[in-house]
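A quick write-up on the structure given underneath.
Quick note: the coordinates plus some simple rules give every number you see, no bench work behind them. Just so it is clear, the model here is predicted, and its values are computed rather than measured. Ideal geometry is used to build each Cβ from the backbone, glycine not excepted, and the neighbour counts take in all protein chains shown.
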2 protein chains.
Amino acid sequence: MLFKPRTDEMLYVLTQVVHAERLLQALPAHAEVDADLMAQLLDESGKFVASVIAPLNRVGDETGARWHEGAVTMPPGFRDAYQAFWQAGWPALSAAVEDGGQGLPAVLEAMLFEMLSGANHGWTMAPDLLHGAYECIKAHGDDALKERYLRKLASGEWLPTMCLTEPQAGSDLGQVRTRAIADGRGDYLISGTKIFISSGEHDLSDNIVHLVLARLPDSAPGAKGLSLFLVPKFMPDGSRSAVYCERIEEKMGLHGSPTCVMRFEAATGWIIGQPGRGLNAMFVMMNSARLHVALQGIGLLEAAWQKADAYSRERRQMRAPGRKSAPRAPMGADLISEHPAIRRILDSQRAWIDGGRVIAYRTAVELDVAKHHPDASRRDAAQRWCNLTTPVLKAAFTQQAFHGGSECLQVFGGHGYVREWGIEQHVRDARVTMIYEGTNEIQAIDLLLRKVIADGASSFNLWLDDLRADLDSAQPAQARLLARLARLQDHARGQVLAAARDDALAHWIAQDFLRAVALVLLDWAWTLIARTGQAGMPRWRAPALALERWIMPELQMRLGIINAGTDGPPVAVPDTKPDP
Amino acid sequence: MLFKPRTDEMLYVLTQVVHAERLLQALPAHAEVDADLMAQLLDESGKFVASVIAPLNRVGDETGARWHEGAVTMPPGFRDAYQAFWQAGWPALSAAVEDGGQGLPAVLEAMLFEMLSGANHGWTMAPDLLHGAYECIKAHGDDALKERYLRKLASGEWLPTMCLTEPQAGSDLGQVRTRAIADGRGDYLISGTKIFISSGEHDLSDNIVHLVLARLPDSAPGAKGLSLFLVPKFMPDGSRSAVYCERIEEKMGLHGSPTCVMRFEAATGWIIGQPGRGLNAMFVMMNSARLHVALQGIGLLEAAWQKADAYSRERRQMRAPGRKSAPRAPMGADLISEHPAIRRILDSQRAWIDGGRVIAYRTAVELDVAKHHPDASRRDAAQRWCNLTTPVLKAAFTQQAFHGGSECLQVFGGHGYVREWGIEQHVRDARVTMIYEGTNEIQAIDLLLRKVIADGASSFNLWLDDLRADLDSAQPAQARLLARLARLQDHARGQVLAAARDDALAHWIAQDFLRAVALVLLDWAWTLIARTGQAGMPRWRAPALALERWIMPELQMRLGIINAGTDGPPVAVPDTKPDP
């Protein structure tokens, strides 16, 4: 079965749970965005995704991108679909009107990419970088660069890449060795090898715009010595630049997206922003990019869930408990959707998907609030929200895409392991999301070390207050959430104190802290859902119960591990030879 | 890097932790088995596995088994390796001497298959069925069948299959439709289609012996109407029988093992055991087969761990916390093995592997005790041990192979997702072990419903007493384990009482119960390790600390879920149309 965007459910979360309309209308830039416009846009994008992108998912996996003598041929249908996509104006959704965009809120673009990722993760990799590259050049490019590249990226006519990683420089970008040398005429010559470059070469678009992290001569060592450059595949005069795709990787999944080794041989480029401020120029898009990866996770999990749900309503095996006295079922067997082990899987994954949407859509709205709200303190609050939720969303929902996708595969029994049903592709594709755009371990350190401990938990405490807004301690479920928020606050304070004694301690339990925050956020999301009109329907009631019974017990476990972790590192740092 | 069996560590667990020598010497059949013999045998098998089987792992994945017009060609090198394997006498290890075997204990065979699975899961699938088929025919076959097939299976000259599953009959074998009709001359004609038949067709051996579950005319409906038949690929007169391989499945992994659709077109066969007792004849091998699947999990996790451990000692990224004031490391970066997030993964998986070996090797020894001990009550205790630990081992260690294997993949960052390093193959291969030989959900129901609740927890309580043997409550760690055993006993009693009220309740939390038992068993295993001479060495101390700090906290969570589950099912059984 093909993935089908359930835009009605997405819209319900956006308007009835997150109340995006109210939040957006406080922003002059989006005052015109009403529920009708959002509904219409989601409906149209859902149709496009279902009819054009979803049908190419299987061929993307099975044929894959192919490399031959430096050129990459995308799977059949991919180029036509991409040409239709940009020409219909989808990439321009949230680009500024003055750049040829539609100027719509980031949340609508985020929801479009959630659907695209569920429909066809491989195809979606290339356009998913567009908006970040556009924002980066808009914020940091000089007028000449903007003149040449901004509208092409806003429209999606040309696709971008992000060239960061090198063989010796993965999580540790300070080790980047690619060099840039000024040629004396205002241009730079870039030389080096980059790996793991998604969409580094392909035939989707007529040009490719590489954003490349490189080191100028005599620059400081480490991350501070890095600058960002733009290197096009085709130069403004139409000539081919000296950037080559050496090969593409054979991967566990995501075969529809070429992962390229790129060689820059004194390729001509231009600096984006200031020398030595390359990471800064890239980090402008980090929250947005990480949020999009979280939405890939949600989209992939929704796709896996749809398949498992449909299968569970067709497949009969054995009598379900409590059904033994019922009239005889066909073949003496009940639908597996009636078996507790299967119900538990389906309802629990539903709790993650729906709750994840609440958190992610709200965060996407806050990205716009941070940019456009007239009140500086509200902008600060929105920035705080994004800084704190983004690593949590990225790590928790990519993990869930893989682990929850594997649970959905289990619903199929042996049929889940064979390619025919398509469920195993989602699991293979999802695995990489736990690694790229900052590994999930890096996200946990980012959250606990840089965003909680670094300022003595003051931002974190203010953000907890934001989550407490509107909660009513007279309602039992909300009182329970308030108690959980208070425990998070206690544990954050505990970490600040422990870090003052030993700054290694937090590294051991950073992932438990992130996980605890994710669980409390999920509880918060379902508290919002519980206030809506449909909360009592089985569609929403079953996941809400699954959340409390099967998912939330992990919170206590994580907090216990965090407490034990403040006693000291569990194992001495292993002996290694002295550093030379 | 290739998998390398660490037979020294396996032998340490077998002799110093499990004290297999002492347990086996109480059995007249194995009184001659001493530590030297076991050491020599493991050493030899380790060399064979490392030199002949491990090098074929990659080609098994990349080339895979190929189907053409009903014939299956195995990957290059597979047939030669199999011919060398059986001619060297490895399959005959634990077959009886009177059948041409070596009559050695089951635990040595189990350890051989742990190594084989770690080295090359795909190749190992075919011989892994040999011993079960041998035991089945030895226990239930008539003299004519034994005469023709027993020695060929004991030696491994001919390979067997287990033909159970059909399109409509997976976990629910009662729905098997394949028919058997007596031809009046003492033979049967078998007709039907079987799916998911591992090694249903191949070129490894010169004949294939299919064990086929089928239904005689006028048999009872459901599982009670099933009988077991032997259908050879080549008849005793050398003619080809009417069993055909229609196709092989495209799978997520395990490409080195052909998963076949087999069509029986009135193929000639002979009954094994009594009519209507087919499942009974198959179940004689169930504990042994499930134990072997658990050991596949342990072997696969060991293989993934070896790769991750080696990589972590080569790769440098960033300064590790606590190392900042140390002399400058090469490139200003420490080995990732020194980073807490990586250390935690490696030490935790080590805790699962080593603890799993203790439980699995002890269980393999108990299989022999159940068969050979002169004292009937000791045989009963051994049978109880096997009945209770086997589903736990199967579910917990196949889950760990996949989830822990994925953690090991994470150690590689982006390099883990590409094929080059080989780690992603282990994760893909491991996924199926959670499904076959009874899904992990089925294992949980088997444990809690059939083996704990069914007899009012009396076997379970006796087994807990076995685990308590030798524990000293004056030792803090052992007192903690005793307390955990008591909590398991309480929770089992709670489930017996709850089941008397509502027999559906246990189905909702069966997996939590199994998981709680697995964790306590792991604690028990490490308590045994702690008593050995090397327990204080970093090699054993680091995983022991990881177990207590990172793994055991799950126990409290599972017990909490079990308690909540006795309040009633969390969600009403969904409305479905009334049964026709």
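What the phi angles of the stretch B:178-183 give under the Karplus curve with 6.51, -1.76 and 1.60, with θ = phi - 60°, is a coupling list of 3, 10, 10, 10, 5, 8 Hz, glycine and proline written as x.
Mean partner shielding of peptide B:396-403, defined as the number of other chain Cβ atoms within 10 Å of each residue Cβ, is 1. Farthest toward the positive end of the dipole of the stretch A:63-141, out of A:Ser94, A:Gly141, A:Gln83, is the Cα of A:Gln83, where the dipole comes from beta carbon charges about the Cα centre. Assuming charge only on the beta carbon of Lys and Arg (+1) and of Asp and Glu (-1), the dipole of the protein assembly as shown about its Cα centre is about 1120 debye to the nearest 20. Rounded to the nearest 20, the Cβ-based charge dipole of chain B about its Cα centre (Lys and Arg +1, Asp and Glu -1) stands at 1460 debye. Put the Cα centre of the stretch A:229-289 next to the Cα centre of the stretch A:55-88 and the gap is 19 Å. Is the C-alpha gyration tensor of the stretch B:157-256 telling us rounded, prolate or oblate? Criteria: a/c under 1.5 is rounded; beyond that, a/b larger than b/c is prolate, otherwise oblate. Oblate, because a/c is 1.5 or more while a/b does not exceed b/c. Across chain B, C-alpha contacts under 8 Å between residues 6 or more apart give a mean separation that, scaled by the residue count, equals a relative contact order of 13 percent. Which value does Rg/Rh take for the protein assembly as shown over its C-alpha atoms, Rh per Kirkwood? Here Rg/Rh amounts to 0.97.
Farthest towards the positive end of the charge dipole of the stretch B:306-407, among the residues B:Gln400, B:Ala341, B:Ala370, is the Cα of B:Ala341, using unit charges on the Cβ of Lys, Arg, Asp and Glu. Averaging Cα coordinates gives a centre for the stretch A:130-189 and one for the stretch B:154-175; these two points are 58 Å apart. Peptide packing for A:294-305, A:122-133, A:77-88 was compared via the average number of neighbouring C-beta atoms within 10 Å per residue; ordered from the highest value, the list is A:294-305, A:122-133, A:77-88.
Stick to Cα atoms and the Kirkwood definition of Rh, then tell me Rg/Rh for chain B. All intermediate terms of the calculation are to be shown ahead of the outcome.
Values: Rg = 24.2 Å, Rh = 24.9 Å.
So for chain B, dividing Rg by the Kirkwood Rh gives 0.97.
Peptide B:404-416 shows a mean partner chain C-beta count of 4 within 10 Å per residue C-beta.
Here the mean projected area of the convex hull built on the C-alpha positions of the stretch A:396-498 is 9.2 nm².
Please give the average number of partner chain Cβ atoms lying within 10 Å of the Cβ of each residue in B:530-543, rounded to a whole number. Can you show the working numbers first?
Working: counts 0, 0, 0, 0, 0, 0, 0, 0, 4, 0, 0, 2, 4, 1.
Partner-chain Cβ atoms within 10 Å, mean over residues of B:530-543: 1.
Neighbours of B:Leu409, meaning other residues whose beta-carbon lies under 11 angstrom from its beta-carbon, give a summed charge of +1 when Lys and Arg score +1 and Asp and Glu score -1.
For a straight C-alpha distance cut-off of 20 angstrom, the aspartates and glutamates reachable from A:Lys47 (same-chain residues fewer than eight places away being disregarded) are A:Asp8, A:Glu9, A:Asp36, A:Asp80, A:Glu109, A:Glu114, A:Asp128, A:Glu302.
Comparing B:Met285, B:Phe196, B:Val13 along the charge dipole axis of the protein assembly as shown, the residue lying farthest to the positive side is B:Val13, per the Cβ-charge model. Under a model in which nothing but the beta-carbon of Lys, Arg (+1) and Asp, Glu (-1) is charged, the stretch B:278-425 shows a dipole of about 380 debye around its Cα centre.
Distant-in-sequence amide contacts of A:Glu246, defined by a placed amide H-H separation under 5 Å and a gap of 5 or more residues or a different chain, comprise A:Val261, A:Met262, A:Arg263.
Dividing the convex hull volume of the alpha carbon atoms of the stretch B:442-508 by its residue count, what do you get in Å³ per residue? Provide the component values of the computation, followed by the final result.
Values: hull volume 5.5 nm³, N = 67.
Each residue corresponds to 82 Å³ of Cα convex hull volume.
Cross-link partners of A:Lys146 among lysines, defined as those whose alpha carbon lies under 19 angstrom from its own and excluding same-chain residues fewer than eight positions apart: A:Lys138, A:Lys233. For B:Lys251, the amide hydrogen comes within under 5 Å of the amide hydrogens of A:Arg419, counting only partners 5 or more places away or on other chains and with H modelled in the peptide plane.
Using the structure shown, list the pairs from A:Lys371/A:Lys394; A:Lys251/A:Lys394; A:Lys194/A:Lys224 with a Cα-Cα distance above 23 Å, or answer none.
Details: A:Lys371/A:Lys394 21 Å; A:Lys251/A:Lys394 21 Å; A:Lys194/A:Lys224 19 Å.
Flagged as over cut-off: nothing, all pairs pass.
Under 5 Å from the amide H of B:Thr161 lie the amide H atoms of B:Val209, B:His210, B:Leu211, each residue being 5 or more positions distant or on a separate chain, with H modelled from the backbone and absent for Pro and chain starts.
When restricted to Cα atoms, the stretch B:472-562 yields an Rg and a Dmax of 15.3, 50 Å, respectively.
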